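Report on the structure given below.
The values are calculated or read from the model by the stated rules, or taken from the named source; none is laboratory data. Note that the structure is a prediction, hence the values are computed from the model and not measured. Note that each Cβ is placed from the backbone with ideal geometry, even for glycine, and that neighbours are counted across all protein chains shown. These area figures cover heavy atoms from the full protein model, side chains too; ligands, DNA and RNA do not enter into them. Shrake-Rupley method; radii C 1.70, N 1.55, O 1.52, S 1.80 Å.
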Amino acid sequence: MKMLKNKYGYFVNELKEYVITSPRTPRPWINIISNGDYGLVISQTGSGYSWRTHAQLNRITRWEQDLIKDEWGKYIYIRDAETGKFWSAGWKPVCADAKRYTCRHGTGYTVIESLVNGIESELTVFVPNDEPVEIWKLQLKNRSKKNRKLELFTYMEWCLGAAPDWHREFHKSFTETIYDKDNYALCATKRLWEVPSENGHWNKNWEYVAFHSSSIKPSSYDGDKESFLGMYGMPSKPAALMNGKLRKRTGNWLDPVASLKINVTLKPGREKTVVFTLGAVRSQEEAASLMKKYKNVKETDASLSMVKEKWQSILNSVEVQTPDESMNIMLNTWLKYQAITGRIWGRTGYYQTGGAYGYRDQLQDSQIFLPIDHVHTRDQIALHARHQFKDGTVYHWWHPISEIGLTTDMTDDLLWLPFVVQSYLDETNDYSILSDREPFVDDPNPATIYDHCIRAIDKVLSRFSDRGLPLIGAGDWNDGLSAVGLKMKGESIWLGHFLYKILTDFTAIAAHSGDREKTGIYSRRAEELKKSLNEIGWDGEWYYRATKDSGEKIGSRENTEGRIYLNAQTWAVIADVADEKRANQVMDMVEEHLESDVGPLLLFPSYKSPDEEIGYLTRYSPAMRENGGVYTHAATWAIISAAKLKRNDCAYRLFTKINPVHRGKNPDKNFGEPYVTPGNIEGPESQFYGRSGWTWYTGSAAWLFKAGVEGILGVRPSADGLIIDPCIPSSWKGYTVRRKFRGAEYLIEVKNPDRIGSGIKEIILNGEKLVIPESECTKIIPVQPGGSVNNVEVIMGVE
C-alpha cells in the first residue's frame with residue numbers, strides 16, 4: 001500500500017520500504033547498509049561506496065563527495081551485444097532514459113528496478129548479518145519479443161585503505177590485482193596502509209584481501225582503469241562498453257579497478273540471475289569460502305531473508321499506532337534504523353564520510369538500543385569508558401583500528417558517560433553495571449564504571465569560575481562555540497543545566513552505592529549550582545547561553561546577533577533548574593523568538609559576520625546549520641521540554657515541523673530524504689529557507705525517537721516501572737504502544753474520550769483497576785514478571 005506519496009516517492013509501510021520513483025531527486029537519497037563491521041552506502045542512482053570497520057580509514061572502493069554529480073560508485077553496465085547499446089542497472093553512470101525506474105530502500109537492503117530497451121532488471125544489494133561481504137543479486141528478464149544477447153560489465157575503483165586517496169599516483173603504486181580463475185574473481189591487495197599511528201610511519205600492509213566475484217564464469221575481466229575507461233574517457237561512455245571488450249590487465253603498475261564481463265542470452269520472457277560479491281577479508285581462503293557460498297542463488301536468498309528477519313526483530317521491539325501515520329512510520333521504522341545502521345554501526349553518510357567514534361555522539365545514539373536490547377547500550381558504555389583518561393577527561397573522538405584520538409578542552413564530552421549510565425539504570429534497574437570494570441587510555445588497570453563516571457563528574461566540578469559556573473573551554477556540545485573559552489575563563493549556562501541533572505542523578509546513585517562522601521558533595525554542589533544558574537545565568541526573560549573569556553555574554557538581550565539560544569532554555573526545563581513559572585517563561589520565549597515554520601532555531605538572529613571570540617559557528621552562512629538554522633539534535637530537546645511542561649500542542653507541533661515525512665511533502669524545498677532526519681534545516685534568514693542537509697549522520701534520530709515515544713506518547717522507563725504520561729494533541733482519540741520492558745511485554749492502549757492533551761483518570765492492568773493516589777507514582781505501571789504479556793488500558797481525563 002502506497003503511503004504519504006510525494007513527487008519522488010512513497011512509503012510501503014508493511015515492507016518497511018521507501019520507494020523512489022525517479023532518479024532525479026533534489027539531492028542523492030541514500031541507504032546505509034551495515035552489519036556493524038562491513039557496510040555500504042547506495043544512492044537512488046546506484047552510486048556509493050563500501051568499507052570495513054571504518055568508512056574513512058578502511059574504504060574498499062573509491063568515492064568523492066560530490067552530491068551534485070553523484071557519479072562515484074560500483075556499477076553494473078548492461079550491453080546489447082548485437083546493437084552495441086548499453087545502459088546501467090542503476091541510473092548512474094550512463095543515465096539512460098528508462099521506461100520504468102524505481103529504487104526501494106529497505107531496512108538492510110536496496111532494490112533498484114528498471115526497464116530499458118526491453119530488458120527488465122532488478123538489482124538487490126545487501127550485506128549479510130555476520131560476514132564482511134556485500135551481495136549484488138541481478139535478475140534480468142527479456143520483455144522484448146526476440147532473443148537477446150547481453151553482456152554485463154561490472155566496474156569499481158579500488159581504494160583499499162584511507163580515503164580519500166587524493167594522491168592517487170602515489171597510492172596506486174602499492175596495489176596489486178590478480179584474476180582468480182577458480183573463483184571467477186578479481187582480487188586486490190595493497191602493500192601500504194596509511195592508517196594513523198603514534199609514530200607517524202606508514203610502513204605496514206593493508207591487512208585485507210579485497211575480492212569481487214561472479215556466480216557465472218566471466219568471459220573476460222580487467223583491473224586497469226585506463227583500459228576500461230580509455231584515456232580521457234568517462235564512466236558514462238567507457239571504452240570497454242563502446243567496443244564490448246575487456247583487456248585482462250592485472251598486476252602492479254596500474255590504476256587499479258575491478259571489472260568482470262558476463263555473457264547472458266535470454267529468449268523472450270525468460271529470466272536469468274547473476275550474483276556478484278564484493279568484500280574484504282583477512283585471507284585468500286576466507287575470500288574463496290565466501291565467493292563459493294554466494295555462487296548459490298539459494299544461499300543468497302536465504303542470507304537476505306535472515307537480514308530481513310534480523311531487522312524485523314530489532315524494529316518490532318517498540319511499535320506505536322497513532323492517528324498520525326507519519327509519526328508511526330518514523331517511530332516504528334526509520335528513526336531506529338537510521339540511529340543504528342547509520343550512526344552506531346556505519347558512522348558515515350554522504351554529507352560526512354566519518355568513520356570515527358564521537359565520545360558524546362555514539363553514547364547518546366546508543367540509547368536507541370535501551371528498549372530493543374539494552375546489552376548493546378551496556379557495550380557502548382564500556383567502549384567509551386575505555387576511551388577515558390585517568391583524570392576523567394576523554395577523547396573528543398577516536399578512530400577504531402588505529403585507536404588514535406583527539407584530546408581537547410571540550411567540556412561536555414565526559415559527562416555523557418554518567419548521563420547514559422543513568423538512562424541505562426532507568427531502563428534496567430540493573431546496578432551491576434556500576435561494578436563492570438574497564439581500563440583507561442593511559443592506565444591498563446581497570447576501574448569500575450562507577451569510578452569512571454565519578455572521575456568525569458569530578459573533573460567538570462574542578463573547572464568552575466569564581467562565580468560558581470562551569471567553564472566552557474573549547475566548546476560544550478556545540479563544537480561551533482570553539483573560541484568562547486579557550487583561556488578557560490568563559491562560562492557555560494547550558495553546561496550548568498546539564499551538570500545539574502548529572503549531579504542530582506548521581507547523588508541518588510552514590511547513595512545507592514553506599515558512597516556517603518559523594519552523596520553529600522554532589523547534593524551540595526547541585527544546590528549551589530542551581531542557585532548560581534538562576535541568579536547569574538538569568539537574563540531577564542531567558543537564560544543567556546555563555547560568557548566569553550572576556551566576560552561578555554552571548555545569547556543575551558544585550559547582543560544584537562545571537563540574542564537567544566535554544567539549549568540554554570530547553571535544558572533548564574529538562575534538568576529542573578527552572579521552577580514551573582520560569583520553565584514556562586523560557587518556553588514562551590522559545591515559541592516567540594526561536595520557533596519557525598521548520599522548527600525551533602538553535603539561535604536567533606544569526607551572526608552576519610565572524611566573531612573570533614565565539615568560534616566557527618559564526619563563520620557559517622547566516623541561517624545555515626548552527627548559525628541560526630534548525631539544528632535537529634537540539635530541536636528534539638525542545639519537544640521533550642514542551643512535553644514535560646504539558647504544552648501538548650507545542651510538543652506535537654515541533655515534532656511535526658522537523659518530522660522528515662512532513663518536511664518531505666515539499667521535496668524540492670526540503671531537498672533531503674523524507675525518511676531520515678537531517679542534521680540541519682536552513683532558517684528564515686537563508687534564501688534557501690527550509691532546505692535540509694547533513695542527512696543520516698546526525699544524533700537527532702535517537703533523540704527524536706525518545707521525544708516521540710517518551711515525550712509525546714509519554715511511555716518511558718523508571719526504576720519503579722513504566723511511566724504513562726501522555727502529552728498528545730487534544731484531537732486524538734487515543735493511541736497504542738507495544739513495548740518490552742525488563743523481560744515483559746506491555747500492550748498499552750490509551751483512550752482519550754474527553755479530548756484532552758494530558759492527564760490520566762484510570763489505568764487498568766490485566767483487567768484490574770490500579771489504585772491512583774494523588775502523587776507522581778500514579779502514572780507508573782509496576783514491573784511485571786519476565787516473560788509475561790500485559791494488557792494496559794489507560795483512560796485519559798481529570799477526576
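In the chain, taking the dipole from charged Cβ atoms about the Cα centre, the farthest positive-side position among Phe705, Asn243, Asn584 is held by Asn243.
Between Ile564 and Phe604, the built amide H atoms are under 5 Å apart, and every one of these is 5 or more places off in sequence or on another chain.
Loop-located trypsin sites (Lys or Arg not before Pro) across the stretch 513-561 with a Cβ neighbour count of 15 or fewer within 10 Å are Arg557, with loop assigned by DSSP. Among rounded, prolate and oblate, which fits the stretch 271-313 when a ≥ b ≥ c are the square roots of the eigenvalues of its C-alpha gyration tensor, a/c under 1.5 means rounded, and a/b larger than b/c means prolate? Judged from the Cα gyration tensor, the stretch 271-313 comes out oblate (a/c at least 1.5, b/c at or above a/b). All other residues whose Cβ lies under 12 angstrom from that of Thr408 are scored, Lys and Arg at +1 and Asp and Glu at -1, for a net of -4. Entry note, the chain: relative contact order of 9 percent, from Cα contacts under 8 Å with a spacing of 6+ residues.
Computed in the context of the full set of protein chains, the accessible area of the stretch 581-656 at 1.4 Å probe radius has 48% of its extent on carbon or sulfur.
Spatially close Lys pairs in the stretch 581-672, defined by Cα atoms under 29 Å apart and a spacing of eight or more places or different chains, total 11. With all protein chains kept in place, the per residue accessible area of the stretch 278-357 amounts to 33 square angstrom at a probe of 1.4 angstrom. Summary of the geometry: the stretch 3-44 and the stretch 358-426, compared by the centres of their Cα atoms, lie 30 Å apart. Summing Cβ point charges (Lys, Arg +1; Asp, Glu -1) relative to the Cα centre of the chain gives a dipole of roughly 3700 debye.
Straightening the chain between Lys149 and Ser313 buys 54.8 nm, computed as 0.36 nm per residue apart minus the Cα-Cα spacing. Where a Cα-Cα gap under 20 Å defines reach, which lysines qualify for Lys459, not counting those fewer than 8 residues away within the same chain? Within reach: Lys390, Lys487, Lys489, Lys501, Lys518, Lys530. Taking all protein chains as shown and a probe of 1.4 angstrom, Asp649 keeps an accessible surface of around 90 Å². Spin-label pair Ala508-Asp720: with each label point 7 Å from Cα along the Cα-Cβ axis, the two points sit 1.0 nm from one another. Evaluated at q = 0.33 Å⁻¹, a Debye calculation over the C-alpha positions of the stretch 317-360 (equal weights, vacuum) places log10 I(q)/I(0) at -1.11.
What FRET efficiency do you get for Gln284 and Leu406 if R0 is 35 Å and r is their Cβ-Cβ distance, rounded to the nearest 0.05? For R0 = 35 Å, the calculated efficiency reads 0.45.
A simple charge model with +1 on the Cβ of Lys and Arg, -1 on the Cβ of Asp and Glu and nothing else charged puts the dipole of the stretch 245-332 at about 1060 debye relative to its Cα centre. Sequence-ordered 3J(HN,Hα) estimates for the stretch 141-154 from the Karplus curve with 6.51, -1.76 and 1.60 and θ = phi - 60° stand at 9, 7, 8, 8, 9, 9, 5, 10, 9, 10, 10, 9, 10, 8 Hz, glycine and proline given as x. Karplus-based coupling profile of the stretch 484-500, in residue order and whole Hz: 5, x, 4, 8, 6, 10, x, 10, 10, 6, 4, 4, x, 4, 4, 5, 4, with θ = phi - 60° in 6.51 cos²θ - 1.76 cosθ + 1.60 and x standing for Gly or Pro. Legend: P(r) of the stretch 156-196 from all alpha carbon pair distances, 10 Å bins from 0, whole percents, reading 26, 50, 20, 4. When shorter helices are ignored and each DSSP H run of at least 4 residues is given -39500 (n - 2.57), the per-residue value for the chain at 222 nm works out to -7000 deg cm²/dmol. Its residue count N sets the reference 2.2 N^0.38 Å, and the alpha-carbon radius of gyration of the stretch 714-769 equals 1.16 times that reference. Remark: accessible surface ordering of Glu194, Glu535 (largest first) is Glu535, Glu194, probe radius 1.4 Å. Accessible surface for Asp436 stands near 50 Å², nearest 10, in the context of the full protein assembly shown (1.4 Å probe).
For trypsin sites (Lys or Arg not before Pro), the sites in the stretch 249-351 that DSSP calls loop and that have at most 14 other Cβ atoms within 10 Å are Arg270, Arg282. A simple rule links phi to the HN-Hα coupling: the Karplus curve 6.51 cos²θ - 1.76 cosθ + 1.60 with θ = phi - 60°, which for the stretch 395-403 gives 5, 5, 8, 8, 9, x, 5, 7, 6 Hz, with x for Gly and Pro.
Solvent exposure of the stretch 702-760, expressed per residue, is 30 Å² of accessible area, with all protein chains present and a 1.4 angstrom probe. Counting only Cβ charges, +1 for Lys and Arg and -1 for Asp and Glu, the dipole size of the stretch 93-170 around its Cα centre is about 820 debye.
Which whole-angstrom value gives the distance between the alpha carbon centres of the stretch 473-530 and the stretch 60-113? The distance from the Cα centre of the stretch 473-530 to that of the stretch 60-113 comes to 51 Å. Only Cα sites of the chain enter the Debye sum here, all with the same form factor; the resulting log10 I(q)/I(0) across q = 0.06, 0.07, 0.08 1/Å is -0.40, -0.55, -0.71, listed in q order. Take the Cβ atoms of Arg270 and Asp391, set R0 to 60 Å, and the FRET efficiency comes out at 0.30.
Candidate cross-link partners of Lys293 among the lysines, defined by an alpha-carbon separation under 21 Å and a same-chain spacing of 8 or more, comprise Lys137, Lys181, Lys217, Lys261, Lys272, Lys308, Lys310. For the cross-link pairs Lys145/Lys237; Lys149/Lys267; Lys225/Lys248; Lys16/Lys336; Lys85/Lys146, the ones whose C-alpha atoms lie over 20 Å apart are Lys145/Lys237.
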